[in-house]
Structures are given as C-alpha cells and as structure tokens.
Amino acid sequence: MELPNQPVDTPASPVVAPEAPEPPVPSPQAQVQDPPAKRHIVTDFGSDLISSVQSLMGTVVIAIFVITFVVQAFQIPSESMENTLLVGDYLLVNKLCYGGSGLGDHMMPYQKIARRDIIVFHYPVDPTQHFVKRVIGLPGDRLRMVNKKVFINGKPMEEPYVHFLEPANNLFRDDFPRTDIPAVNLEGSWWLQMRKLVEDGELIVPEGQYFVMGDNRDDSQDSRYWGFVPKENIIGRPLVIYWSVQDWDGSPPATFSARLYHLAYAVMHIFQITRWNRTLRLVH
C-alpha cells in the first residue's frame, strides 16, 4: 500500500556570520612620524625667530644710520659755555642742518652757519676731541674786542647770553687781538698765523673759517687761543638737552668693574642727580 507523499525535511545549512575586517597594521614609517601639531609648533617657532632677528637687524641698521647721518649724543665736559650749557648736560646734535660740501647742498633746504649759532665741531688742534662753542665771526668778518665787548665790522655785537666771572684784567683775552702780548696756553702756530691776519687792530676771518668763543667768556679756551674752525670740522648744531645731571662725574672710569658701579649708581640715584628743569630743554 502506497503511502501518501510527505514533505521531506532537509537539514538547514548553518548560517555563518561575516568576519570583521582586520584593522590595518601601520607601517614602520607611519609609527616614527611626529604628530602634525608638533611640526607646526617647530615651524612657527623658527619663523618667529627669523622675523625677530630681521626686525632686530633692521632696528640696528636704522640706529646706525641715524647716529651716523642725522643726530648724535654729546656730553658737556667743561664750564666754557655756562650758563647756556652746564657740565653734565647731554645733547642731541643735528648733523644734517648745515649739509656738507656736495652738489646736493644746493638742492636741499640746509641752513647756513649763522652768527650766534651754537655748534659742535672737531677741535682743530686734535680732531679726535669734540668741542662746543658759539659762532662769533663769519668768513670775511673783521673782528675785535675792546674791554670784553665784541665788535664785528666796526659795530658792537649784542650778546645777552655772555657770562663774565671777573672784570677786564687780561689784555690778550679782553682786548683781542693783541699781537704784542702772548697769552698762556696760546697755540704757537696760531700766534704766527694771527699776526698775519690782523689789520688796523681787527682780525680778518678767512674764507671757509669761523671764529668761535664760549659763553663763559672769562673761562673758555676758544678761537682766541688756538684759531679758526674750518667748515669741514663742524659736526652740527645742538637741538635739545635730553638729560642733565648734577653732582655726578659723567666721565666713565677706565676699568670694567668701575664702569658697572658708575652705571649702577646713576640708575639708583637718577631722580636725585637729574636736573629736571633742564631736561628736554631746547638749545639756543
């Protein structure tokens, strides 16, 4: 007897889950590379360092240019310009105001050296030294002094800035020029030259030369004793007293340790030694 057809159960195939992909293994080169952030820090630091060096070099170049061609600092070491300039005054000097001797002088608005100008110049006897005096005689002037009074081309010169310490008692100093009476500290070469330039009791100022004297007329070693200032020796004209000190030796000592002590003393006592009423005063 035949059995009716029955569905035949077949065993189910096992379900296999897909395997997860294995994580990529980093190469040895990738393992030794620095993090990107650190590379950026190193790069930024290098760029900042280069920029700082460039800025510093630019500042140094500008400072050298300014000191060489524009302004320069000087210190007053003696009493010859009292009371206009005092010992301990520090000046900024305009080195461009008078120009030079080139063709550009005719194109630039340079000033001419004028009578009564205060100038800083290389001392003709020793050009390594810097002097500061006031211009009294210009090229072509005929100059003489009578009882301390200056006469230019026969006319008395008004000098409200002059400071006298004593009455007229020195014939060479107070009645200049005198070719018959030499003076103490008189340059021998100037004594010979001066005698050739005196006419009718007046000193004739040669072309390209300037006769200068200190405002402290009785205590000034000036053109009366060593001669004229050539135009090429003139450095410039003081602009301002940028600092003035009192009761302090401004000349730096010779040894390094003494200089450090000298500087430290100035810094620690700056408010006591500064003449505040003279600091930032214009020079005229």
Cβ contacts < 7 Å: first residue among the hydroxyl-bearing types (Ser, Thr, Tyr) and surrounded by 13 or more Cβ atoms within 10 Å (Cβ to Cβ), restricted to segment 82-107; second residue outside any strand (DSSP E or B) and at pLDDT 95 or above, any location; separation 6+ or different chain. Result?
Thr84/Tyr161; Thr84/Asp215; Tyr98/Ile113
Set Asp117, Asp180: member being surrounded by 17 or more Cβ atoms within 10 Å (Cβ to Cβ) and of a type in the set (Asp, Glu)
Asp117
When segment 115-128 is examined, which residues are found to be outside any strand (DSSP E or B) and within 20 Å of Val71 (Cβ to Cβ)?
Asp117
Please indicate, with yes or no, whether at least one residue in segment 221-228 is under 30 Å from Phe151 (Cα atoms), acidic (Asp, Glu) and either touching a helix residue (DSSP H, G or I) at 6+ places or on another chain (Cβ under 8 Å) or assigned to a helix (DSSP H, G or I) (or both).
no
Residue tally, condition touching a residue at least 24 places away in the same chain (Cβ under 8 Å), more than 27 Å from Ile234 (Cβ to Cβ) and in a loop (DSSP other than H, G, I, E, B), over segment 138-169
3
If only one of Trp276, Trp243, Trp226 is touching a residue at least 40 places away in the same chain (Cβ under 8 Å) and either surrounded by fewer than 18 Cβ atoms within 10 Å (Cβ to Cβ) or within 30 Å of Asn169 (Cα to Cα) (or both), which one is it?
Trp226
Give the residues of segment 168-190 that are under 35 Å from the mean Cα position of the chain (by Cα) and among the small types (Gly, Ala, Ser), sorted by residue number.
Gly188, Ser189
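The values are calculated or read from the model by the stated rules, or taken from the named source; none is laboratory data. As the structure is a prediction and not an experimental result, all values here were calculated from the model. Backbone-built Cβ (ideal geometry, glycine too); neighbour counts: all protein chains shown.
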